[in-house]
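Written below as structure tokens is the structure these notes are about.
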There are 4 protein chains.
Amino acid sequence: MKSVGINGYGTIGKRVADAVSAQDDMKIVGVTKRSPDYEARTAVEKGYDLYISAPERESSFEEAGIKVTGTADELFEKLDIVVDCTPEGIGAKNKEGTYEKLGLKAIFQGGEKHDQIGLSFNSFSNYKDAIGKDYARVVSCNTTGLCRTLNPINDLCGIKKVRAVMVRRGADPSQVKKGPINAIVPNPPTVPSHHGPDVQTVMYDLNITTMALLVPTTLMHQHNLMVELESSVSVDDIKEKLNETPRVLLLKAKEGLGSTAEFMEYAKELGRSRNDLFEIGVWEESLNIVDGELYYMQAIHQESDVVPENVDAIRAMLEIEDDPSKSIEKTNKSMGIL
Amino acid sequence: MKSVGINGYGTIGKRVADAVSAQDDMKIVGVTKRSPDYEARTAVEKGYDLYISAPERESSFEEAGIKVTGTADELFEKLDIVVDCTPEGIGAKNKEGTYEKLGLKAIFQGGEKHDQIGLSFNSFSNYKDAIGKDYARVVSCNTTGLCRTLNPINDLCGIKKVRAVMVRRGADPSQVKKGPINAIVPNPPTVPSHHGPDVQTVMYDLNITTMALLVPTTLMHQHNLMVELESSVSVDDIKEKLNETPRVLLLKAKEGLGSTAEFMEYAKELGRSRNDLFEIGVWEESLNIVDGELYYMQAIHQESDVVPENVDAIRAMLEIEDDPSKSIEKTNKSMGIL
Amino acid sequence: MKSVGINGYGTIGKRVADAVSAQDDMKIVGVTKRSPDYEARTAVEKGYDLYISAPERESSFEEAGIKVTGTADELFEKLDIVVDCTPEGIGAKNKEGTYEKLGLKAIFQGGEKHDQIGLSFNSFSNYKDAIGKDYARVVSCNTTGLCRTLNPINDLCGIKKVRAVMVRRGADPSQVKKGPINAIVPNPPTVPSHHGPDVQTVMYDLNITTMALLVPTTLMHQHNLMVELESSVSVDDIKEKLNETPRVLLLKAKEGLGSTAEFMEYAKELGRSRNDLFEIGVWEESLNIVDGELYYMQAIHQESDVVPENVDAIRAMLEIEDDPSKSIEKTNKSMGIL
Amino acid sequence: MKSVGINGYGTIGKRVADAVSAQDDMKIVGVTKRSPDYEARTAVEKGYDLYISAPERESSFEEAGIKVTGTADELFEKLDIVVDCTPEGIGAKNKEGTYEKLGLKAIFQGGEKHDQIGLSFNSFSNYKDAIGKDYARVVSCNTTGLCRTLNPINDLCGIKKVRAVMVRRGADPSQVKKGPINAIVPNPPTVPSHHGPDVQTVMYDLNITTMALLVPTTLMHQHNLMVELESSVSVDDIKEKLNETPRVLLLKAKEGLGSTAEFMEYAKELGRSRNDLFEIGVWEESLNIVDGELYYMQAIHQESDVVPENVDAIRAMLEIEDDPSKSIEKTNKSMGIL
């Protein structure tokens, strides 16, 4: 049983904590939190030991009646690996300021820059490159979503060139201060966006150009893909390939699943914890091949799709499992992923 | 074990089905559906026998590979009671056209008119009036929310007059065709709204006037209450009373629960099925008494707050339990309600 | 002075009425309306003669104190041409049932099907094909937006292939019943969408494939374009070409115009009637050429971009002006279009 | 002709500039701006002399090709009065740090605190108290909206007590970074909100308690009012009184004006600059009296309702006009206000 800690029990951190807890080869030793909010309270109620990253705030936890086990530094000493889920930019500072000094292996999230971590990770793209490594960054929710479907398509028939337009949710559901309320925002307004190069940190040779924007919704990102193929296949070949690919779901608009909102409702019907959809949802009706180019639309649950990838990264970096497909299968089975 | 059927496995119906299944004194015999959509498919996957309300559509279910057990009429013959969760206005037609002819007891939802059903129901307001009755209507999500907090306040210190402004969500999360996208809509534009009289169908003597509007959100309704009290109490007395009232939660904005979105996030942390918040959430900071008048704000999860009330109504109408508090406690325990 | 009537004084109709009124070679003889609403009232207050399309409703206009000049049929007799701005699908019925019988020339909007009208129109693409014709359909706001920028690019350097992803507003600002409130909706969920073929009704030989979706905003559509070019040009060549193209504006995100909301705010600063932006706004920062492919993002004000095109179509069909650039210039000058 | 300057040419500042320019007894000498954005550019294009508040940034204006006339300090020397429209909190600093030292009269906006300015202002409530004064604060859009309808009602029949629930827009249309996207946010979560006391800074003896929240819309605030009356009147008396009150409009939901979005559309039909609705719109259908208590709903255009009040405040403070009704009438006539 490997000992794992979560630094930053927020949107991603709390999900990774639960996912690790569902495994039989690793366990959560503790999680860190800065503020005595409802997430801190429910973390303790769920049985996680809570460590505080700002020790001077201990009294505020006491006042709130939330039990603190120790400081973040005390937690780090007990770990085989830490999963850093702190806000964008903090992770890289923690790497240099803390983890490297402690000799502690660490996984970072997609908000950190590839160059500052040195290695990026996606279970289907480059699992083996992470085996035994000290630091890795699980690529962002959008990049993970692109890899999940582009990898199997590349395996099936080769990819000449990808064009993708990524319609991103403006904020997560509980980020009530973020907009836009009523606007479409090119983000970035320059083309190409950084998402293409980010895919290339894990799918090294892929030719991909991306454009990105923000829209007033909180549920999921939506991607529009145009993929020039190297060899000739049929739409049915693609469907079959995606159907057999784990962490990808083909969903039918005509069965009532015609929007990101209905995908989220479907996750409720599947009985998923926190209403998460760890899989990438591909609209089956959107799959089409015109003049050797594959078109499709997919939806990405930004809060959860990277969670199983974090579990796999732990296995690779701690050398628990060398075979990516075995780790993926084990993670999926434990989390109920299709 | 009493035999219960759900007519209309949609937003409310599927939740009532799961709630009934969690009881040890009643069971789901089957659920009905009109279209072979993802809700029908997942109903069967979860183990519910599916009956179709439009027999001529059987072939469409077959084509979709969704197993049909029989017709709605066949289901009705097997039941002690049916919970009708069909769209607004259909329930009353079913009562006259079907249930009365079959001599089948039936529970209806708040979309039906009180006069057409004859008896309205809320677990805390008039449970005993429903004992042994053939037909009852569980009042709407908004009315249920008002009763949940006004009943204990009335018990504690008497209510002279209630004024309430109800800021309603424009559509449920998966109703993607409904707006508004960017507007505030007085609904109705006339004052008072129908919600006051609807409360009076279960709290018979309450003096209440309401105003209602729609806003562009899908998560929860929000209520603003101004309650003139009969006898003098302190804010702490009110807090204590609400704290001990089941199906009501006092939540703190300062703990990060400052909006309906964060209430929904809290339900995720509680591990609730479908991310439901069966309880009415009252903002603790909003509770204040000025000049003998109590002010507070509360949030109502329109998709789920009436679900435990449906279970209680079954117990009352089938004479399984005569004591409201025992039914409420039993329902709560089985559903994990606080 | 040619006599023009508007059948359907709604979102498009009222704007075309004002645009025609601003010309010196045509005038509005009257406008039609079905209901005595605020648009009918303000039409009369602005000086338009109001004709009613449902004569049986005359009393309802009387009760509302809105002066009616006559019936739609009486209006049609006074016209050289009618601009039909009725809801989608009604126009084609009016053509067959009314205008053809009267021998009345008519312009239709993009909601009608090309095949039912026979000729589609865009000022920059095929003005000359409409000269003297009896019926023409001004292509939809989205198609007009695509033509506005693709035409000059095609003129400059030739286009091999266009891929476009169109992020559409869910509803117009005043359509408060339409959603989605919080979802991204592939619309249609099949690829390619109908927009590509619609462009081809006016740019006959263009190779174009489109994907389309709906998002929860009311202000503008946003388009993401990927254009493979025939001959080599620089980004500056493209900017210069678009800059000199009428009805196209290059706007800078860095000057505070980073979203559709800010484009609309810019229209306010320009002093535009009804806050309209008749021009297509292209984000200057988004213009880039990678591997011979031009990328850019643009925004389309769905309520108004087709309005000057309607004026030009009147000139072509009534043979007032044979030279497209002269009509465009005249329309622009009178309407203050840049 | 009195000389007026605008410090802060943003949402409010640019509107006040245009309103002052429409008067014959005052003129705009110049406006200030910090950044060379589209508002700066269009200010110059409209003929306003532009002064920069951060002189070190002059080169950035030069690079953008936007003509700068001088620094803010140079502008202040030329003025009889400055209208400070800087962001919340900056105005009070400007008062102490700049205007008092220069002996320059100044008007502030509702974001400043009453205590720091000393006098608050509403044209209908306390115009005379501002005559000849050096500093005054035009109360916020919400408070202005409350005063506009409560003043005439108080005049007609006396007010015992007001309860108001204020459903506020989350952000202005062009504030694309502000949320919420999908939530209702009690703001503040404590009751009563600060709006009641703010009304009392201009309606000194009014008994009023308020609750406030934010919702995901950009167009207008919406208010729900419950007003206990001192003497008995009919609903028709109230309608007649509001009808004859300037800067208040009774609008009918049944004429298609059933939401804030449709009120904004109505402003477009009125041909208003920037689509502004300077008047408070009251839903006629909502007016009702039950048990001596008046209920109604109104909508407030947060970007513009305080603009005519700023013009009136200039007249009072510079002693151009001592009679409030004459200033109001003059302002209204020049701005086309009903």
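The values are calculated or read from the model by the stated rules, or taken from the named source; none is laboratory data. Owing to the predicted nature of the structure, the values given are computational and were not obtained by experimental measurement. Cβ placement follows ideal geometry from the backbone for every residue including glycine, while neighbour counts extend to all protein chains displayed. Side chains are part of the model used for accessible areas, which takes the heavy atoms of the whole protein and leaves out ligands, DNA and RNA. Shrake-Rupley method; radii C 1.70, N 1.55, O 1.52, S 1.80 Å.
Along region B:287-303 the Karplus relation, 6.51 cos²θ - 1.76 cosθ + 1.60 evaluated at θ = phi - 60°, assigns HN-Hα couplings of 5, 7, 10, 10, 6, x, 10, 8, 10, 7, 10, 9, 10, 10, 7, 5, 7 Hz to successive residues, with x for each Gly and Pro.
If you take the beta carbon distance between A:Lys333 and A:Lys128 as r and set R0 to 22 Å, what does 1/(1 + (r/R0)^6) give as a FRET efficiency, to the nearest 0.05?
0.55
Taking all protein chains as shown and a probe of 1.4 angstrom, D:Arg57 keeps an accessible surface of around 80 Å². Each principal axis of region A:163-237 carries a Cα extent, and these read 47, 28, 20 Å when sorted largest first. Residue-wise HN-Hα couplings along region A:320-329, as the Karplus relation 6.51 cos²θ - 1.76 cosθ + 1.60 with θ = phi - 60° gives them from phi, are 6, 8, 8, 9, x, 5, 5, 5, 4, 5 Hz; Gly and Pro carry x. Couplings for region C:123-129, taken from phi via the Karplus curve 6.51 cos²θ - 1.76 cosθ + 1.60 with θ = phi - 60°, read 3, 8, 9, 8, 3, 5, 5 Hz in order; Gly and Pro are left as x. Compared with the dominant principal axis of the Cα atoms in chain C, helix C:235-244 is inclined by about 20°.
Quick one: grab the alpha carbon gyration tensor of region B:230-327, order the square roots of its eigenvalues as a ≥ b ≥ c, and give me rounded if a/c is under 1.5, else prolate or oblate depending on whether a/b is larger than b/c. Taking the square roots of the gyration eigenvalues as a ≥ b ≥ c, region B:230-327 is oblate.
Once you have a ≥ b ≥ c as the square roots of the Cα gyration tensor eigenvalues for region B:153-289, tell me rounded if a/c is under 1.5, and otherwise prolate or oblate according to whether a/b is larger than b/c.
oblate
When the Cα positions of B:Leu277, B:Pro87, B:Tyr204 are compared along the charge dipole of chain B, B:Pro87 comes out farthest toward the positive end, with charges on each C-beta of Lys, Arg, Asp and Glu. Taking the C-alpha atoms only, the angle from helix B:11-21 to the longest principal axis of chain B is near 80 degrees. Report, to the nearest 10°, how far helix C:141-157 tilts away from the longest principal axis of the Cα atoms in chain C, using its own Cα long axis and a range of 0 to 90°. Taking Cα atoms only, the helix is inclined about 40 degrees.
Of D:Ser53, D:Leu119, D:Tyr135, which is farthest along the charge dipole of chain D in the positive direction, counting Lys and Arg as +1 and Asp and Glu as -1 at C-beta? Selected residue: D:Ser53. Classify region B:208-276 as rounded, prolate or oblate from the Cα gyration tensor: take a ≥ b ≥ c as the square roots of its eigenvalues, call it rounded if a/c is under 1.5, otherwise prolate when a/b beats b/c and oblate if not. Here region B:208-276 falls in the oblate category. Taking amide hydrogens as placed 1.01 Å from N in the peptide plane, the amide H of D:Asp49 sits under 5 Å from those of D:Val31, each at least 5 positions away in sequence or on another chain. Compared with its chain on its own, region D:211-227 contains the following residues whose accessible area drops by 30 Å² or more in the full protein assembly (probe 1.4 Å; ligands, DNA and RNA excluded): D:Met211, D:Leu213, D:Pro216, D:Thr217, D:Thr218, D:Gln222, D:Asn224, D:Met226. Just so you know, the Cα atoms of the protein assembly as shown work out to an Rg and Dmax of 32.2, 90 Å. Solvent exposure of the protein assembly as shown, expressed per residue, is 34 Å² of accessible area, with all protein chains present and a 1.4 angstrom probe. Ligands, DNA and RNA aside, D:Lys160 has an accessible area near 110 Å² when probed at 1.4 Å.
If you take the Cα centroid of region B:106-130 and the Cα centroid of region B:197-234, the two points sit 18 Å apart. Take the accessible area of chain B alone and of chain D alone, subtract that of the pair, and you get about 3400 Å² summed over both chains, using a 1.4 Å probe. The magnitude of the dipole of chain D, with charges of +1 and -1 set on the Cβ of Lys/Arg and Asp/Glu and taken from the Cα centre, is near 580 debye.
Distance distribution note for chain B: the fraction of Cα pairs above 35 angstrom is 21%. Placing pseudo-labels 7 Å out from each Cα toward the beta carbon at B:Lys101 and A:Lys101 gives an inter-label distance of 8.1 nm. The sum of -39500 (n - 2.57) across all DSSP H runs of n ≥ 4, divided by the residue count of chain B, sets its helix-only mean residue ellipticity at 222 nm to -9000 deg cm²/dmol.
Counting from the shortest, the label point at A:Gly292, 7 Å from Cα toward Cβ, is 1.3, 8.6, 8.6 nm from the same position in each remaining copy. Extending 7 Å from the Cα toward the beta-carbon at both A:Glu240 and C:Thr69 defines two label points whose distance is 6.8 nm. If you average the sequence gap of Cα pairs under 8 Å that are 6 or more apart and divide by the length of chain C, what percent do you get for the contact order? The normalised contact order for chain C reaches 17 percent.
About its Cα centre, the protein assembly as shown has a charge dipole of approximately 0 debye under the convention of +1 per Lys or Arg Cβ and -1 per Asp or Glu Cβ, with nothing else charged.
In nanometres and ascending order, the distances from the B:Lys128 label point to those of the other copies are 6.3, 7.6, 9.1 (point 7 Å from Cα along Cα→Cβ).
The other copies place their A:Pro55 label points at 5.0, 7.6, 9.1 nm from this one, listed shortest first, where each point is 7 Å from Cα along Cα→Cβ. The rotation axis taking chain C to chain B passes closest to this chain C residue's Cβ, listed with the gap in Å: C:Gly179, 2. Between C:Arg137 and C:Phe108, C:Leu119, C:Ser120, C:Phe121, the built amide H atoms are under 5 Å apart, and every one of these is 5 or more places off in sequence or on another chain.
Taken as Cα centroids, region D:35-84 and region C:78-100 sit 52 Å apart, rounded to the nearest whole angstrom.
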